[in-house]
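Data first, discussion second: the structure below is written as C-alpha coordinates.
The values are calculated or read from the model by the stated rules, or taken from the named source; none is laboratory data. Remember, it's a predicted structure, so these values are computed and weren't measured experimentally. Virtual Cβ from ideal backbone geometry, glycine too; neighbours counted across all protein chains shown.
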(Lines give C-alpha, C1' and ligand atoms only; values in the text may rest on other atoms or scores of the structure.)
Protein backbone atom coordinates (compact mmCIF):
# COMPACT_ATOMS: atom_id res chain seq x y z
CA UNK A 1 0.00 0.00 0.00
CA UNK A 2 1.20 3.50 -0.81
CA UNK A 3 1.20 6.46 1.55
CA UNK A 4 -0.43 9.84 0.93
CA UNK A 5 0.69 12.30 3.59
CA UNK A 6 -0.12 15.72 4.97
CA UNK A 7 2.65 17.28 7.03
CA UNK A 8 2.50 20.25 9.36
CA UNK A 9 -1.21 21.05 9.02
CA UNK A 10 -1.72 23.84 11.57
CA UNK A 11 -5.28 24.34 12.86
CA UNK A 12 -6.55 26.54 15.68
CA UNK A 13 -9.09 25.15 18.13
CA UNK A 14 -10.28 25.00 21.72
CA UNK A 15 -8.39 22.14 23.39
CA UNK A 16 -7.41 21.47 26.97
CA UNK A 17 -8.61 20.62 30.44
CA UNK A 18 -7.83 23.85 32.27
CA UNK A 19 -10.31 26.71 32.59
CA UNK A 20 -7.95 29.15 30.86
CA UNK A 21 -7.60 26.74 27.91
CA UNK A 22 -11.37 26.63 27.46
CA UNK A 23 -11.36 30.42 26.89
CA UNK A 24 -8.69 30.61 24.17
CA UNK A 25 -7.85 29.05 20.83
CA UNK A 26 -4.60 27.14 20.48
CA UNK A 27 -2.80 25.83 17.43
CA UNK A 28 -2.36 22.13 16.96
CA UNK A 29 -0.20 20.64 14.22
CA UNK A 30 -1.10 17.43 12.40
CA UNK A 31 1.16 15.05 10.52
CA UNK A 32 -0.90 12.40 8.75
CA UNK A 33 0.08 9.28 6.82
CA UNK A 34 -2.78 7.56 4.97
CA UNK A 35 -2.57 4.21 3.22
CA UNK A 36 -3.93 4.48 -0.31
CA UNK A 37 -3.51 2.66 -3.59
CA UNK A 38 -2.30 5.38 -5.97
CA UNK A 39 -1.46 3.12 -8.92
CA UNK A 40 -4.66 3.94 -10.83
CA UNK A 41 -4.05 7.66 -10.36
CA UNK A 42 -0.49 7.32 -11.64
CA UNK A 43 -1.82 5.65 -14.78
CA UNK A 44 -4.77 7.98 -15.47
CA UNK A 45 -3.30 11.20 -14.04
CA UNK A 46 -6.77 11.98 -12.68
CA UNK A 47 -7.64 13.26 -9.20
CA UNK A 48 -10.71 11.01 -8.95
CA UNK A 49 -8.42 7.98 -8.88
CA UNK A 50 -6.48 8.98 -5.76
CA UNK A 51 -6.91 10.16 -2.20
CA UNK A 52 -7.48 13.90 -2.48
CA UNK A 53 -5.31 15.37 0.29
CA UNK A 54 -6.84 18.82 -0.24
CA UNK A 55 -10.32 17.42 0.45
CA UNK A 56 -9.00 15.63 3.55
CA UNK A 57 -7.31 18.82 4.77
CA UNK A 58 -10.41 20.97 4.25
CA UNK A 59 -12.60 18.46 6.11
CA UNK A 60 -10.20 18.24 9.05
CA UNK A 61 -9.74 22.02 9.27
CA UNK A 62 -13.52 22.48 9.46
CA UNK A 63 -13.92 19.72 12.05
CA UNK A 64 -11.04 20.74 14.31
CA UNK A 65 -11.81 24.47 14.25
CA UNK A 66 -15.35 23.73 15.40
CA UNK A 67 -14.38 21.17 18.06
CA UNK A 68 -13.93 21.78 21.79
CA UNK A 69 -12.40 18.59 23.18
CA UNK A 70 -10.54 18.47 26.45
CA UNK A 71 -8.02 15.77 25.54
CA UNK A 72 -5.74 15.51 22.53
CA UNK A 73 -6.37 11.76 22.67
CA UNK A 74 -10.07 12.29 21.96
CA UNK A 75 -9.42 14.74 19.15
CA UNK A 76 -6.86 12.40 17.56
CA UNK A 77 -9.28 9.47 17.67
CA UNK A 78 -12.07 11.52 16.04
CA UNK A 79 -9.73 12.72 13.30
CA UNK A 80 -8.64 9.19 12.41
CA UNK A 81 -12.28 8.04 12.35
CA UNK A 82 -13.15 10.80 9.88
CA UNK A 83 -10.25 9.85 7.59
CA UNK A 84 -11.10 6.15 7.63
CA UNK A 85 -14.89 6.47 7.44
CA UNK A 86 -15.26 9.39 5.04
CA UNK A 87 -12.28 8.90 2.74
CA UNK A 88 -12.03 5.12 2.58
CA UNK A 89 -8.51 4.98 3.98
CA UNK A 90 -7.56 1.53 5.27
CA UNK A 91 -4.87 2.68 7.68
CA UNK A 92 -3.89 6.05 9.10
CA UNK A 93 -1.04 7.22 11.30
CA UNK A 94 -1.62 10.56 12.98
CA UNK A 95 0.76 12.74 14.98
CA UNK A 96 -1.08 15.48 16.86
CA UNK A 97 1.24 18.08 18.37
CA UNK A 98 -0.23 20.56 20.86
CA UNK A 99 2.93 22.63 20.77
CA UNK A 100 4.52 24.19 23.79
CA UNK A 101 1.92 23.03 26.32
CA UNK A 102 4.66 22.17 28.79
CA UNK A 103 7.30 24.72 29.75
CA UNK A 104 10.62 23.74 28.23
CA UNK A 105 9.14 21.29 25.71
CA UNK A 106 9.13 22.00 21.99
CA UNK A 107 5.99 19.92 21.58
CA UNK A 108 3.66 17.46 23.26
CA UNK A 109 0.86 15.30 21.94
CA UNK A 110 0.04 11.83 20.70
CA UNK A 111 0.84 9.51 17.84
CA UNK A 112 -1.84 6.97 16.98
CA UNK A 113 -2.36 4.41 14.23
CA UNK A 114 -5.79 3.11 13.30
CA UNK A 115 -7.08 0.71 10.66
CA UNK A 116 -10.55 0.13 9.28
CA UNK A 117 -12.45 -2.86 10.63
> Residues of the range 61-94 being within 13 Å of residue 11 (Cα to Cα) and touching a residue at least 60 places away in the same chain (Cβ under 8 Å), which ones?
Replying inline: 75
> Just checking, which of 33, 73 is over 10 Å from the mean Cα position of the chain (by Cα) and at negative phi?
Replying inline: 73
>> I'd like to check which strands (runs of 3 or more DSSP E) are fully inside the range 1-102 and have at least 3 residues that are surrounded by fewer than 16 Cβ atoms within 10 Å (Cβ to Cβ), touching a strand residue (DSSP E or B) at 6+ places or on another chain (Cβ under 9 Å) and at pLDDT 95 or above.
In response: 2-13
> How about the range 108-117: which of its residues are surrounded by 13 or more Cβ atoms within 10 Å (Cβ to Cβ) and within 22 Å of residue 14 (Cα to Cα)?
Replying inline: 108, 109, 110, 112
> What single numbered condition from (1) farther than 27 Å from residue 117 by Cβ; (2) free of Cβ contacts under 8 Å to residues at least 24 places away in the same chain; (3) touching a helix residue (DSSP H, G or I) at 6+ places or on another chain (Cβ under 6 Å) fails to hold for residue 25?
Replying inline: (3)
> residue 15: in contact (Cβ under 8 Å) with a residue 24 or more places away in the chain, in contact with a helix residue (DSSP H, G or I) (Cβ under 7 Å, 6 or more places away or on another chain) and farther than 16 Å from residue 94 by Cα, yes or no?
Replying inline: yes
